[in-house]
Amino acid sequence: MEKKEQLYEGKAKKVFATENPDYVIVSYKDDATAFNGLKKGTISGKGVINNKMSNMMMQMLEKKGIPTHFVKEIDDRNTVVKKVQIVPLEVIIRNVAAGSFSKRYGVAEGTQFKAPTIEFSYKNDDLGDPLINDYHALALNLASEKEIETIKKMAFAVNSEMIAFFKKLNIDLIDFKLEFGRYKGQIVLADEISPDTCRFWEAGSWDTTKHVSLDKDRFRRDLGGVEDAYNEIFKRLMGD
Ligand code: TMP
Ligand code: ASP
């Protein structure tokens, strides 16, 4: 399948049309941003890792019965995916307090939850992706009631599968962000699953005072060893 015209360029990916109107090609860049684009940088090799990791996760989830946009990996940075209409919600699942949750609710990072949480942000860069609830999403016509129910069920199912998957790699899945799309009347998991969109902490290495991050927090927080963290995750995914 060949790239035709560029349809869109985001912070970390480009999207190209293909000869098939149902499919697009996603092309992963090494560009990294944080804080709604205020912080900019490059994470060398990130595009390759995020492409391959995302594809691996999507295929693992498909096998577990979760529909995704994945079609076919073309090469290191390019993948054919279904052309979905993105639901403008960032769906965040958390297992352990960290990041904006810790800040907003005054809970130490590393505090274990009794049960996983879900939250929605309205995907809107001009507004800084504000936190919203189901009723806001319905009122703004971002998704139907049925779609929101499906998205919630799928997000928690993804969480269960991913917790188990990463446990085997000696990684604790702290939280992550998902995006969903509409494809031929069905809600499917879209976008990416990568160290850009998940918090991965070295298992057993943390409590509420310290942790070892193997994800984009190393970039967001200027912790150093950014490329090393992405490479480490990828190495474990590859089984060595
Ligand atoms: P947060 O604690 O900053 O709200 O982030 C929660 C999770 O969502 C974390 O794993 C990183 C991911 N995330 C994104 O993928 N994109 C974003 O724009 C933000 C803010 C977070
Ligand atoms: N990708 C997001 C941005 O640049 C934020 C993040 O991942 O922290 O705004």
| task | Would you check if there is a residue in the range 16-35 being surrounded by fewer than 13 Cβ atoms within 10 Å (Cβ to Cβ), among the acidic types (Asp, Glu) and without any contact (Cβ under 8 Å) to a residue 60 or more places away in the chain? | result | yes
When the range 1-50 is checked residue by residue, the ones that are of a type in the set (S, T, N, Q) and modelled with pLDDT of 95 or more are 6, 18, 20, 27, 33, 42, 44, 50
Restricting attention to the range 96-130, the residues that are surrounded by fewer than 18 Cβ atoms within 10 Å (Cβ to Cβ), touching a residue at least 24 places away in the same chain (Cβ under 8 Å), under 22 Å from residue 210 (Cα atoms) and among the hydrophobic types (A, V, I, L, M, F, W, C) number exactly 1
_Flag for residue 190 being in contact with a Ser or Thr (Cβ under 8 Å, 6 or more places away or on another chain) and of a type in the set (A, V, I, L, M, F, W, C)_ = yes
Of the conditions (1) under 19 Å from the mean Cα position of the chain (by Cα); (2) farther than 29 Å from residue 29 by Cα, the single one that residue 138 does not satisfy is (1)
Scanning the range 111-125 residue by residue, those at pLDDT 95 or above and under 20 Å from the mean Cα position of the chain (by Cα) turn out to be 116, 117, 118, 119, 120, 121, 122, 123, 124
Pairing a residue in the range 193-221 that is within 19 Å of residue 168 (Cβ to Cβ) and away from ligand 2 (no atom under 16 Å from the Cβ) with any residue that is in a loop (DSSP other than H, G, I, E, B) and not hydrophobic (A, V, I, L, M, F, W, C), where Cβ atoms lie under 8 Å and the two sit 6 or more apart in sequence or on different chains, gives 201/211; 202/170; 202/211; 203/170; 204/170; 205/211; 206/110; 212/205
Of 93, 86, the only residue that is within 16 Å of ligand 2 (Cβ to nearest atom), crowded, with 19+ Cβ neighbours inside 10 Å and of a type outside the set (Lys, Arg) is 93
Picking from 134, 228, 240, the residue that is loosely packed, with under 15 Cβ neighbours inside 10 Å, over 23 Å from residue 37 (Cβ atoms), free of Cβ contacts under 8 Å to residues at least 60 places away in the same chain and in contact with a Lys or Arg (Cβ under 9 Å, 6 or more places away or on another chain) would be 228
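The values are calculated or read from the model by the stated rules, or taken from the named source; none is laboratory data. Source: prediction; values computed, not measured. So basically every Cβ, Gly included, is an ideal-geometry build from the backbone, and we count neighbours across all protein chains shown.
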